[in-house]
Amino acid sequence: MDVVALGELLVDFTSAGISGQGNQIYEANPGGAPCNVLAMLQKLGRNTAFIGKVGKDSFGEMLVSVVKEQGISAEGICYDEKIPTTLAFVHNAADGERTFSFYRNPGADMMLRKEEVEEALLKETKLFHFGSLSMTSSDAEEATKYAIWTAKQNGAIISFDPNLRPALWNHLDEAKEKIAFGMSQCDVLKISDNEITFMTGETDIDRGVQKLIEKYQIPFVCATMGNQGSKAFFGNEIVEAEAFLMEDTIDTTGAGDTFCACLLDYILRYGIQKQDKERVREMLQFANAAAALITTKKGALRVMPEREEIEKVLGGKSCSSF
């Protein structure tokens, strides 16, 4: 197995117009950051598996069906008989930026227990990926920490994306504590500009990331900066690539997850040591292009871009070399 991810699997309800009666219509898009990452990795030819929990309801059944449809192994997914599948309503601004309303008090993804974690998947994976939202409840936090420990014991690379969602934490100090734990465990960190500021107080990306590297000794960090592009930090090097801005952007949901998947595909190819700067720049360009493409579609998990689409955005240049 190339990549195993653990975390939330949920339904994102996105606006789909107004009905004839004048009511808001919502489209049920399968989502959840860790599984979105796996969906893009599948498009890049990787073998992946997801560990998580959904409700024993129609939404849960739909999500498991979609996971399988994408080629992601669902053997690590279990059902909760009492707690419903987590739902999120996505509210988009004119520029595609969004806010979320969550129905997760609790949601099934929070109920994953340590003994439900499919240990065999973690013993055979090359890379394990997780985010902070699986640490918003005590049961799921214990399961997450057990998964990290098991993957580490078996030589896997550990990847972390904070994926800060303030509304899902009782206190932001708790969010900061759990994100700090994730950073202390990872070999690869994908982090957004607002999360850098949240964790360091720095609005300067370079200074903020250097603080994180010094504190947590993270070998490879990628910072995403929205329409300002992205940067990679490794050793004493900083590499930057501009964003691709799409005229038909409608929904930025999943852009960071798409970027993260391209980053992890690169790490699986080349590891995290002795990086080539030009190859890293190509990776950032490819990841930026992929992230731009996903913003032209609603949802994420089911509509990840194909490699050919990404290369078209890049001007026909193949990036298979990186």
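Structure summary
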| read-out | value |
| --- | --- |
| Residue match in region 283-301 (condition: over 26 Å from residue 32 (Cα atoms) and at pLDDT 90 or above) | no |
| Residues satisfying the stated conditions in region 261-279, i.e. touching a helix residue (DSSP H, G or I) at 6+ places or on another chain (Cβ under 8 Å) and not acidic (Asp, Glu) | 261, 262, 263, 264, 266, 270, 279 |
| Residue 14 being buried (at least 19 other Cβ atoms within 10 Å of the Cβ) and farther than 18 Å from residue 304 by Cβ | no |
| Qualifying residue in region 124-135 (condition: open to solvent by 20 Å² or more (accessible area, probe 1.4 Å) and within 29 Å of residue 76 (Cα to Cα)) | yes |
| Only one of 293, 284, 301, 314 that is aliphatic (A, V, I, L, M), open to solvent by less than 70 Å² (accessible area, probe 1.4 Å) and touching a Gly at 6+ places or on another chain (Cβ under 6 Å) | 301 |
| Within region 216-257, strands (runs of 3 or more DSSP E) holding 3 or more residues that are open to solvent by less than 40 Å² (accessible area, probe 1.4 Å) and in contact with a helix residue (DSSP H, G or I) (Cβ under 6 Å, 6 or more places away or on another chain) | 220-224, 230-234 |
| Failed item in (1) β-branched (Val, Ile, Thr); (2) surrounded by fewer than 21 Cβ atoms within 10 Å (Cβ to Cβ); (3) in contact with a helix residue (DSSP H, G or I) (Cβ under 7 Å, 6 or more places away or on another chain), with residue 157 passing the rest | (2) |
| Condition met for residue 90 (at pLDDT below 95, closer than 27 Å to residue 222 by Cβ and β-branched (Val, Ile, Thr)) | yes |
| Selection status of residue 209, under 21 Å from residue 275 (Cα atoms), assigned to a strand (DSSP E or B) and at pLDDT 95 or above | no |
| Contacts under 6 angstrom Cβ, first residue in region 27-45 being crowded, with 24+ Cβ neighbours inside 10 Å, partner among the hydroxyl-bearing types (Ser, Thr, Tyr), 6 or more apart | 29/14; 38/48; 40/258; 41/48 |
| Selection count where residues are of a type in the set (Phe, Trp, Tyr) and open to solvent by 30 Å² or more (accessible area, probe 1.4 Å), scope region 165-215 | 2 |
| Unique match (being over 23 Å from residue 292 (Cβ atoms) and in contact with an Asp or Glu (Cβ under 9 Å, 6 or more places away or on another chain)) among 87, 44 | 87 |
| Residue 218, sole failed condition from (1) touching a Cys at 6+ places or on another chain (Cβ under 9 Å); (2) closer than 30 Å to residue 25 by Cβ | (2) |
| Residue under evaluation residue 22, criteria (1) in contact with a strand residue (DSSP E or B) (Cβ under 6 Å, 6 or more places away or on another chain); (2) at positive phi, criterion not met | (1) |
| First in region 49-63 and farther than 16 Å from residue 76 by Cβ, second anywhere and in a helix (DSSP H, G or I) and at pLDDT 95 or above, Cβ under 6 Å, 6 or more apart | 55/108 |
| Given (1) open to solvent by 10 Å² or more (accessible area, probe 1.4 Å); (2) among the small types (Gly, Ala, Ser); (3) touching a residue at least 40 places away in the same chain (Cβ under 8 Å), number of the condition residue 19 does not satisfy | (3) |
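The values are calculated or read from the model by the stated rules, or taken from the named source; none is laboratory data. What you see is a predicted model, and the numbers here were worked out from it, not measured in a lab. Please note: Cβ atoms are built from the backbone with ideal geometry, for glycine as well, and neighbour counts cover all protein chains shown. Each accessible area value is taken on the protein alone, full model and side chains, heavy atoms only, with ligands, DNA and RNA left out. Shrake-Rupley method; radii C 1.70, N 1.55, O 1.52, S 1.80 Å.
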